[in-house]
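One structure is given here, and the rest of the page talks about it.
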Amino acid sequence: MKALVTGGAGFIGSHIAKKLVDNNIEVHIIDNLSTGNLENIPFIPKSNIHIKDITDLEYIESLFQKFEYTYVIHLAAMVSVVETIEKPVQSNEVNIDASLNLLNCIKEYNPNIQKVIFASSAAVYGKLDGLPKSVDSPINPLSPYAIQKYASEQYTKMYNDLYNIPTISLRFFNIYGPRQNPKSDYSGVLSIINQKFIENQKFTFFGDGEQTRDFVYINDLVQAFWLVLNNDNVHGEVFNIGTGKQTTLNEVFDVFQENYNYTIPYEYKEERQGDIKYSYADVTKLQKIGYSPQYTIKEGIREYLKYNESTLDEK
Ligand code: UD2
């Protein structure tokens, strides 16, 4: 069995690739390394890593002409909301055109594929009054990124409905864990807090720290991924990937303090423009197919820090 993971050198992609490899599936990766890193995927042979842009239509097509894939997991994207606001046209090519092209290659060259999974985002909900956010809630995209994720998600669904390609989309909430890159201001906030603790630097809360998110430890995402990959009764469906619990940023900071056993300076600044105050996922649909998140925020952060320590020991 072969799987193609686009964006497989990234934080989430590398964990998905590892799960597939651990289950004796040959993994091919396409990644332009814009946010990914080869250090994330030492377990993939170099010959199966294609350092290419997902918008390189000819190259993608050539892969499908050459290989028969059992699974395609599509994670490659322009992932920064801010960058999509700065580059709406370019991001459209990456986040919609390339997705559509990929789906079409599957239809043309690989119609017997067993599963296509697309990484969508909680961003599609935008500012919604009702909580938790359910896949039946209205959507209200507030950025090119959110529109693009929604469009690709709907194309993904349509390729199931019109062309019988077994597809599924997953709306990721706030995923965190090892290999998440803390380098940008818009990196996942947990990776930023962690880095600040390591370097003993000041952390800035945007707002009063009382905003909530549904923080998902990467292992729970991998669990959800594995469940949908192996379920043949959910084609054409969309699922939230969350835990069903919300945590404030202040609480998260406290958990880091407890684990590190020291604190770092912090400050409260004005809220980020367009920031959502409260967010968490309704995951009952996922629970119905067997999902049961294993990590509370405390357990997830503990695992995250344990992993960091073990890799520090290796260095
Ligand atoms: C997440 C996604 C984003 C998009 C969005 C849709 C991540 C990394 N980002 O953004 O791609 O899908 O959801 O709703 O998963 N914060 C601070 N200080 C910092 C950094 C962040 O206070 O140094 C705050 C930030 O203002 C926000 C919260 O922490 O209130 C979470 O920020 P985030 O960037 O991790 O995630 P989010 O939910 O804004």
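The values are calculated or read from the model by the stated rules, or taken from the named source; none is laboratory data. Quantities reported herein were computed from a predicted structural model and do not represent experimental measurements. Backbone-built Cβ (ideal geometry, glycine too); neighbour counts: all protein chains shown. SASA here: full protein model, heavy atoms, side chains in, ligands and nucleic acids out. Shrake-Rupley method; radii C 1.70, N 1.55, O 1.52, S 1.80 Å.
Any chance the range 205-227 includes a residue that's within 16 Å of the ligand (Cβ to nearest atom), among the polar types (S, T, N, Q) and open to solvent by less than 50 Å² (accessible area, probe 1.4 Å)?
Within the range 205-227, one or more residues are within 16 Å of the ligand (Cβ to nearest atom), among the polar types (S, T, N, Q) and open to solvent by less than 50 Å² (accessible area, probe 1.4 Å).
In this structure, does N164 turn out to be of a type outside the set (G, A, S), away from the ligand (no atom under 15 Å from the Cβ) and either part of a helix (DSSP H, G or I) or assigned by TED's automatic domain parsing to the domain that holds E299 (or both)?
In short, no.
Could you go through the range 98-116 and let me know if any residue there is at pLDDT below 95 and within 30 Å of D275 (Cα to Cα).
no
For the range 241-262, enumerate the residues that are open to solvent by 20 Å² or more (accessible area, probe 1.4 Å) and of a type in the set (F, W, Y).
Passing the criteria: Y260, Y262.
Scan the range 95-105 and tell me whether some residue there is within 16 Å of the ligand (Cβ to nearest atom), in a loop (DSSP other than H, G, I, E, B) and closer than 24 Å to Q180 by Cα.
no
Only one of Y304, Y295 is at pLDDT 95 or above, in contact with a helix residue (DSSP H, G or I) (Cβ under 8 Å, 6 or more places away or on another chain), among the hydroxyl-bearing types (S, T, Y) and away from the ligand (no atom under 16 Å from the Cβ); which?
The conditions single out Y295.
Being in contact (Cβ under 8 Å) with a residue 12 or more places away in the chain, open to solvent by 10 Å² or more (accessible area, probe 1.4 Å) and assigned by TED's automatic domain parsing to the domain that holds I54 is the requirement here; does Y150 meet it?
yes
Among the residues of the range 106-139, which ones are outside any loop (DSSP other than H, G, I, E, B) and open to solvent by 40 Å² or more (accessible area, probe 1.4 Å)?
K107, E108, Y109
For the subset of the range 273-292 comprising residues that are within 16 Å of the ligand (Cβ to nearest atom) and open to solvent by 70 Å² or more (accessible area, probe 1.4 Å), which member is modelled with the lowest pLDDT?
If we take residues in the range 273-292 being within 16 Å of the ligand (Cβ to nearest atom) and open to solvent by 70 Å² or more (accessible area, probe 1.4 Å), then Q273 is modelled with the lowest pLDDT.
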